[in-house]
Amino acid sequence: MLLKGGKVTAFGITVDPLAGFGTLHYVVPKPVNWAINLGILGLIVGSTWANRTGQYQLEKTLVSVLVIAMALVVFYGVLKLRQMQATFDANSPHKEKEVK
């Protein structure tokens, strides 16, 4: 891995180190964010363990719970961000368009 101007390069792929992180903290309180992240980690570790021990029904259940939980988090996040944007738009002063 190489660090180039704040970007991480590994195997010829450049990735911003903060890509995809930080949006959830606008929507939920910090303890809920931690609970969501730890829940995700627990479900991933549990499903990996179930796969390696041959408990495929348990793995399927854990992965299903993970997918459903993540879909709910995304759905809630989108609705909350839309609501926050509507509140912001309602409270911000309207700009008049200049005619040239």
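Here are some notes:
- Within the stretch 37-75, the set of residues being of a type in the set (Ser, Thr, Tyr), part of a helix (DSSP H, G or I) and open to solvent by less than 80 Å² (accessible area, probe 1.4 Å) comprises 47, 48, 61, 64.
For every residue, the table says whether it meets (1) open to solvent by 70 Å² or more (accessible area, probe 1.4 Å); (2) of a type in the set (S, T, N, Q); (3) at pLDDT below 95; (4) in contact with a Phe, Trp or Tyr (Cβ under 9 Å, 6 or more places away or on another chain).
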site	(1), (2), (3), (4)
9	no, yes, yes, no
12	yes, no, yes, no
17	no, no, yes, no
20	yes, no, yes, no
27	no, no, yes, yes
31	yes, no, yes, no
34	yes, no, yes, no
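- Candidates are the residues of the stretch 76-100 that are open to solvent by 70 Å² or more (accessible area, probe 1.4 Å), part of a helix (DSSP H, G or I) and of a type in the set (D, E, K, R); the one that is modelled with the highest pLDDT is 82.
The values are calculated or read from the model by the stated rules, or taken from the named source; none is laboratory data. All values derive from a computational prediction rather than experimental measurement. Positions of Cβ are backbone-derived with ideal geometry, glycine not excepted, and every protein chain shown enters the neighbour counts. Protein only, heavy atoms only, side chains kept; ligands, DNA and RNA dropped before computing areas. Shrake-Rupley method; radii C 1.70, N 1.55, O 1.52, S 1.80 Å.
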